[in-house]
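J.: If you scroll down you'll find the structure; I have some questions about it.
The values are calculated or read from the model by the stated rules, or taken from the named source; none is laboratory data. All of these numbers come straight from a predicted model, not from anything done at the bench. Note that each Cβ is placed from the backbone with ideal geometry, even for glycine, and that neighbours are counted across all protein chains shown.
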Amino acid sequence: MTGLGIQASGFGLAGALVAGMLDAVPAASAEALLSGDARNAQKIYRLECAGCHGSGEPTPMGKSFGAPPLKDAALIAGRTDDQLIALFLKGTPKHPAPAGALTLLDAADMVAFLRGGLPSIADLFPEAAAYTAKSYPLAGPALVRAESLAGDELKPDERALTVFSVYAGEPPATGPRLVPQDPVQLDALPPKAKRGYVVFGSIPGGPVAMALLPDLSVLRLLSSNPAVAKAAPAVVGKGGREPGRRKPFVSKVSPDAARALTRLYARAAEAAALAAREEADRHLFDAPEKRNSP
Ligand code: HEC
């Protein structure tokens, strides 16, 4: 079970293309992972999950319970394999355990199935060894700046964004490790190993993943939406830590995608800046040698 993508049918970023990424193609990692049997998972999904989660959007019954869509890269990348397996085997107070009990192998297949076809952190940062996930609400001056760059008011569901902070190192064989929001484990992540941030968004025409460098400029985009690739030259390398360096992206060939990407970047830069501030606070009292060690 890794965070990398079996292209399970129905989870449709198959053929995803990477813009601004010269050295790696996400599909290249596919052979690393046939640890899960997607067909087995698909059968279980139809029997045990589709009644609520549907095939794409949750069903009306699922919605009435508050079931989220599962084709959501931020949701799935924000859970460890262990968390998902526990959910599938035992359920949680908020979640029914499947009626036809799953074996550990079934649960592992299901993890691979849910991750398949969704962009993962390793697709955006092949050197990633560990990452954190946290949702940041945008309020006050951060919200004002984001809305001014977006050129529009942000809708309530746009006023929070999950930021994945990515660290390099020796990648575990199973793919980069999601580090829980636990102070001791977070403290062990060396700031010098930080490679950047990932956010997932949805723009007209499909989902998009955006990677930022630590200086908050755009490193790369990942999407199956061809308009994103066309807009990429107007986006990759732009932006930065200084709000003055953040200008709306302008693309003659793909103006709508550029506008939608500006909106996502406006939120991403503010949310990532909050993540960066939190990290700096965590390491405020580190000894200098610890701060500088790789
Ligand atoms: C009776 C309706 C129902 C069924 C059946 C169901 N779910 Fe859910 N699912 C929910 C609801 C409601 C939530 C939101 C509450 C929560 O997060 O647990 C949810 C949330 C989830 C989450 C996100 C959990 C998180 O940590 O945020 C995952 C993953 C998931 N379901 C997978 C599955 C899988 C896989 C199956 C089949 C084995 C399944 N569900 C069957 C209702 C259902």
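J.: Considering only residues that are over 21 Å from Y131 (Cβ atoms), near the ligand (Cβ under 7 Å from one of its atoms) and of a type outside the set (K, R), which ones fall in region 69-101?
T.: Residues satisfying the conditions are F88, T92, H95, P96, P98.
J.: List, please: which pairs have Cβ atoms under 6 Å, are six or more places apart or on different chains, and start with a residue in region 78-96 that is farther than 15 Å from P68 by Cα and part of a loop (DSSP other than H, G, I, E, B) and end with one that is small (G, A, S) and more than 8 Å from the ligand (Cβ to nearest atom)?
T.: G91/A97
J.: Looking only at region 99-111, count how many residues are more than 16 Å from the chain's Cα centre (by Cα) and at pLDDT 90 or above.
T.: Count: 9.
J.: Would you tally the residues in region 46-66 being within 6 Å of the ligand (Cβ to nearest atom) and surrounded by 12 or more Cβ atoms within 10 Å (Cβ to Cβ)?
T.: Number satisfying all stated conditions: 7.
J.: Name the residues in region 189-214 that are closer than 15 Å to A128 by Cα and out of contact with any strand residue (DSSP E or B) (no Cβ under 8 Å at 6 or more places or on another chain), would you?
T.: P191, K192, listed by residue number.
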